[in-house]
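The values are calculated or read from the model by the stated rules, or taken from the named source; none is laboratory data. It should be emphasised that the depicted structure is a prediction, and the values quoted were computed from it without experimental measurement. We place every Cβ from the backbone using ideal geometry, glycine too, and count neighbours over all the protein chains shown.
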Amino acid sequence: MPLSKTFSAALSGIEAHLVEIEVNTSGRTGNPAGSAESIVSIVGLPDAAVRESRDRVRSALESTGFPYPQGVTVVNLAPADLRKEGAGFDLGIALGMLAAGGFIRSEILARTGIIGELALNGQIRPVRGALPIAAMLSENPAIDRILVPAENAPESALAAARPIVYPVNSLADAVKLLQTGNGTPYQANLPEYLAQHPANAPDFCEVKGQIRAKRAMEIAAAGGHQILMIGSPGCGKTMLAMRLPGILPPMNREEMLETSRIHSVLGLLSGQGELMNLRPFRAPHHTASDIGIIGGGRDPRPGEISLAHNGVLFLDELPEFKRNVLEVLRQPLESGTIAVSRAAGSCIFPARFMLCSAMNPCPCGRGEPDLGCTCSTMEKQRYLKKISGPILDRIDLHIELRQLTPQELLKAPDGEPSEIIRQRVIAARTRQAARLASSGLVCNAQMTGRHLQKFCRVSPTGERLLHQAIQQFRLSPRAYDRILKVARTIADLAGSENISDQHLLEAVSCRKSGFCG
C-alpha cells in the first residue's frame, strides 16, 4: 500500500499553519466490477477549490506524461480540523501521487515544503500568501527545501529564514528537481529591496502655497500623528495627502515583512512577487463598507486599515463615509490592531496606520459667504455632525486650508522638495526611537500616559498655557494628551530636549480649528 507525504500550509487570516499532505494509493478498484476507474478522495476539511484539485492534478499529470493513479487514492490534509482553502495544494498533491507511484523517492518528498496551483497543461501558477507560508515552512527543521511558483520566489526567498526556496515553472520542473537534486535556491537581495524608491513619486515641491498645511504634514510624519484637513474643493487636500508617504522614514526589515505579509495574503504584491519596500498608501472610496475597511467576511480577511499598516490610510470626503464605518476606527486608532470575530474563527490583524483625512467645511464646500457659500448654520452643523466627537478626539492635528490667491496660483511652485523634509522627519524619528527604545515604541504618537509623564514635562508658563487651552476649547483628557505628544514631536523637529512654550503654542494651534474641536 504505497504511501507518501509532504508539507504545505493553510492560511488563517495572515498566519500560515503547517499542513501535512498524505497520499495513499491502494491500487484497488473502487467498484465490484473491478474496472480501472480512478477514485480520488480528498479529506481534511477541504473547501471547493481544494476538492476540485483532483481534476486539475489529473489533467496536469497526463499533459506532462505521468500516469494518474488507478484504483482508490486517498489524499489526507492534516490536521483534519483546520479548514483548507485555495488551489495552493495542487502541486503537493500531484507530487505526492507521483511519489506513491514510485516516480519520486518518498524520503526526499517527506522533507520538502510545496505550494503551487497547477494549470491543466502542467504549468504552475502563483498563489496568494506565499510569503507567510514560506516564512513558516523555513522555520521547520524537518524541511530541507521549499518548492514555490517562480512568480512567488522573490517574496518567498526574502521572507524565508534559510536559503531553501526553489522556484519551479511546471510540474515537470518540480519532478526533475526532486529526482536529480540539482537546483539552486533563489537568491534574494534584501538590502536592494530596502533601498529602492520610485523615481517619479509625488513631491511636496509641486504644491503651491499652503505653508501651514505642509508644516502640519511634516509634524504628522515626524510623530506618526493622525491629521484632518479642512478646506474647500481644489485647495490641495488630496494633493498633500498623496505626498505624505514620500516624507515618511523608510521601512526597516521587520516592517517590510509584516506589511508584505498582509498584501501577500490578499494577492496584492506586484506581478513579480516583490515585497512592499515602500510604505503603503490606501485611499478607499467613501462608499466602502465596514468589512471592507476593517476586514472580515465569512473567512476573515484583512481590510483597508490592515493594508495601510505601517503606512497611510487616506479618507477623502470624511463626512461622506457611513457613520458606522467611521466608528469602527476607534479601537484600531488606539491599539494598532483589529480583532475580527466570525463564526469561522477569530483573527487579529495589525492596523497601525497614520490616518490622513480630508473634508469640506460645509455641504457646498466654500465655507464662507464671501466665497459664495449659501449653506445655513443648521446645514453646516448637520454636515459636521456626521463625524462623531470620539473620532475627532482621536485625530491629533486639525488643519484648515485656505483658497489660494490668484497670485499664488499664477506663481510657479517653490516649496521644499520631499527629500529635504524627509531628512528632518528621519532625524526626529531617530531621536524618538532612542528615547523610547526601552519601551519598544517607535514614535511619539504611540506614547502612553507613563511616557508623557516622563518625556513631556513643560514649564510653569507652559502649564498655564495648557490650562487656558483646556478651559477655552473644552479639551478632553485624550485631547490634552495628544497636544503634549504633538508638542514633543515639534520639539524633536527643532532638535530640542525640552518642550518650550512656543512648541506648545504651535501644538495647540494645530489642534483647534474653526470647524471642529
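Tabulated data for the structure shown
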quantity	calculated
Any hit, the range 321-334, residues being under 14 Å from Lys385 (Cβ atoms), of a type outside the set (Asp, Glu) and crowded, with 19+ Cβ neighbours inside 10 Å	yes
Which listed residue is surrounded by fewer than 21 Cβ atoms within 10 Å (Cβ to Cβ) and in contact with a Pro (Cβ under 7 Å, 6 or more places away or on another chain), from Leu307, Leu266	Leu266
Helices (runs of 4 or more DSSP H) completely within the range 1-110 that count 3 or more residues being modelled with pLDDT of 90 or more, in the same structural domain as Ile262 (by TED's automatic domain parsing) and within 34 Å of the chain's Cα centre (by Cα)	none
Any chance Met229 is crowded, with 21+ Cβ neighbours inside 10 Å and within 25 Å of Val486 (Cβ to Cβ)	yes
Filter pass, Pro413 being at pLDDT 90 or above and surrounded by fewer than 19 Cβ atoms within 10 Å (Cβ to Cβ)	no
Subset of the range 111-128 that is aliphatic (A, V, I, L, M) and not in a loop (DSSP other than H, G, I, E, B) - its residue that is surrounded by the most Cβ atoms within 10 Å (Cβ to Cβ)	Ile114
Subset of the range 367-383 [assigned to a helix (DSSP H, G or I), crowded, with 17+ Cβ neighbours inside 10 Å and not hydroxyl-bearing (Ser, Thr, Tyr)]	Lys380
Residue check for Asp481: closer than 26 Å to Ala358 by Cβ and touching a Lys or Arg at 6+ places or on another chain (Cβ under 6 Å)	no
Selected residue (criterion: modelled with the lowest pLDDT) from residues of the range 137-152 that are surrounded by fewer than 22 Cβ atoms within 10 Å (Cβ to Cβ) and under 18 Å from Leu11 (Cβ atoms)	Glu151
Qualifying residue in the range 334-356 (condition: assigned to a helix (DSSP H, G or I), at pLDDT below 95 and farther than 30 Å from Asp47 by Cα)	yes
Filtered residues of the range 348-404 (kept if aromatic (Phe, Trp, Tyr) and out of contact with any strand residue (DSSP E or B) (no Cβ under 8 Å at 6 or more places or on another chain))	Tyr383
Residue count for the range 272-304, restricted to those that are touching a residue at least 60 places away in the same chain (Cβ under 8 Å) and surrounded by 22 or more Cβ atoms within 10 Å (Cβ to Cβ)	4
